[in-house]
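*Asks:* Supplied in structure tokens, the structure appears directly below.
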Amino acid sequence: MGLFSFLTQDIAVDLGTANTIIICNDKMVVNEPSIVAIDRKTEKVIAIGEKARQMQGKTHDNIKTIRPLRDGVIADFNAAEQMLRGMIKMASVNSKFFSPSLRIVVCIPSGSTEVEVRAVRDSSEHAGGRDVYMIYEPMAAALGIGLDVEAPEGNMIVDIGGGTTEIAVISLGGIVSNKSIRIAGDDLTDDIQEYMRHQHNIRIGERTAEQIKIHVGSALSELDEPPADFIVQGPNQMTSLPVEVPVSYQEIAHCLEKSISKIEIAILGALEQTPPELYADIVNKGIYLAGGGALLRGLDKRLTDKLNIPFHIAEDPLRAVARGTGIALKNVRSEEHTSELQSLRHLVCRLLLEK
Ligand code: ADP
Ligand code: MG
């Protein structure tokens, strides 16, 4: 360990389209929606995370709420940097660290272009990171799920986040193939918004649509344990008078059908591209679902029945990537001072992208 290494703080960041999680000393110190509220006049940040989310759809002319990431990548560089800076500050308050020098492991979608990778690195550096390492999200998810990523065996991960669904096959510590589609949680939320407008003539915002998805969202129109109907309140489109509509999981299953079949087709496509030996491993072991989308009712059953391959939902799927990023972080640290952990070091060198 270096003489001044106590001055270096290590943090792991899962910078997601929907949620950002920061892990420090094995503890999750930040778990907030990836949203910032900014004053239009001064360009100053007013709120970050949950507080900014509460302002969403309720702002006046002087405030705008921004989701800096869209479709898995940074869409608004300045907002992303401000958000990351704010969240690192929150992490330092929550875990009581003060550090002039930050070492950050941050994960990136596997299909990222060079420019997109650069944007994440620059944001992390501008937000205070001195050493910035990066790891591909499906690899982080696999580590977080507890799979043996180094084994000469195929593992398939499907991570359904806010903006993208990432499908990857991992073997021997590397990504063999990956497929990323821009159909994920946000699209399901949009489908519901659109459906409520069309079918029930009621206008609802993104947050309400997400609530409907979480309460009565379903990938199957027949569930063994059906949820109770969800009561939606909002203005009638024609009259603007308030109405209440009970929404059943069956109608939501129907409205999500199109998007879910697109995810299904993408998984099939990824399987098609998988080399036969790895394919056999995957069929035997099953496919792992991670990300918030994995929580959609009946999705695992639907996919299992359709593809005839078992699908497993990762434990705590919303945090699988963050957990894995935390594991990678620990290994970066071990790289410095333990000789018996040489093999881990070896692994991390390969898992992490070039600095
Ligand atoms: P990201 O990594 O892109 O930030 P997450 O893995 O955090 O995304 O997942 C966020 C997505 O998961 C959101 O679209 C959210 O609406 C969705 N989600 C969260 N909980 C559920 C649930 N119970 N059912 C269906 N979707 C959910
Ligand atoms: Mg994610």
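*Asks:* On the given criteria, is Gly128 of a type in the set (Gly, Ala, Ser) and crowded, with 22+ Cβ neighbours inside 10 Å? Spell out the reasoning first.
*Replies:* Working: of a type in the set (Gly, Ala, Ser): yes; crowded, with 22+ Cβ neighbours inside 10 Å: no.
In short, no.
*Asks:* Something else now. Please go through (1) surrounded by 21 or more Cβ atoms within 10 Å (Cβ to Cβ); (2) away from ligand 1 (no atom under 16 Å from the Cβ) for Thr304 and return the number of the only condition it doesn't satisfy.
*Replies:* The failed condition is (1).
*Asks:* Could I ask something else about it? Out of Ile63, Ile145, report the one residue that is of a type outside the set (Lys, Arg) and within 14 Å of ligand 2 (Cβ to nearest atom).
*Replies:* On the way: Ile63 fails: within 14 Å of ligand 2 (Cβ to nearest atom).
Just one listed residue meets the conditions, Ile145.
*Asks:* Right, next: Out of everything in the stretch 283-298 that is part of a helix (DSSP H, G or I) and surrounded by 20 or more Cβ atoms within 10 Å (Cβ to Cβ), what residue ends up being farthest from ligand 1 (Cβ to nearest atom)?
*Replies:* Here is the first cut: in the stretch 283-298, the ones part of a helix (DSSP H, G or I) are 283-285, 292-295.
From the residues that got through so far, the ones that are surrounded by 20 or more Cβ atoms within 10 Å (Cβ to Cβ) too are 292-294.
Details: Gly292: 2, Gly293: 5, Ala294: 8 Å.
This residue is Ala294.
*Asks:* Can you tell me how many residues in the stretch 100-116 are of a type in the set (A, V, I, L, M, F, W, C) and within 16 Å of ligand 2 (Cβ to nearest atom)?
*Replies:* Filtering the stretch 100-116 for residues of a type in the set (A, V, I, L, M, F, W, C) gives 102, 104-108, 115.
Next, from what is left, pick out any that are within 16 Å of ligand 2 (Cβ to nearest atom): 105-108.
Going through the stretch 100-116 one residue at a time, the tally reaches 4.
*Asks:* Given the structure, is Val117 surrounded by fewer than 21 Cβ atoms within 10 Å (Cβ to Cβ) and either of a type in the set (Phe, Trp, Tyr) or within 29 Å of Leu289 (Cα to Cα) (or both)?
*Replies:* Details: surrounded by fewer than 21 Cβ atoms within 10 Å (Cβ to Cβ): yes; either of a type in the set (Phe, Trp, Tyr) or within 29 Å of Leu289 (Cα to Cα) (or both): yes.
Spelling it out, Val117 is indeed surrounded by fewer than 21 Cβ atoms within 10 Å (Cβ to Cβ) and either of a type in the set (Phe, Trp, Tyr) or within 29 Å of Leu289 (Cα to Cα) (or both).
*Asks:* Please give the strands (runs of 3 or more DSSP E) falling wholly within the stretch 24-110 in which 2 or more residues are over 21 Å from the mean Cα position of the chain (by Cα) and under 24 Å from Met139 (Cα atoms). Don't jump to the end; show me each part of the working.
*Replies:* Values: elements: 27-33, 36-39, 45-48, 63-66, 101-108.
Here the list reads 101-108.
*Asks:* Take the conditions within 17 Å of Ala219 (Cα to Cα), surrounded by fewer than 21 Cβ atoms within 10 Å (Cβ to Cβ), touching a helix residue (DSSP H, G or I) at 6+ places or on another chain (Cβ under 6 Å) and at pLDDT 95 or above and apply them to Ile313. Does it pass?
*Replies:* Taking the combined requirement at face value, the residue satisfies it.
The values are calculated or read from the model by the stated rules, or taken from the named source; none is laboratory data. Every value quoted in this text rests on a predicted model; they were computed, and no experiment measured them. Here the Cβ is made from the backbone with ideal geometry for all residues, glycine too, and neighbour counts use every protein chain on show.
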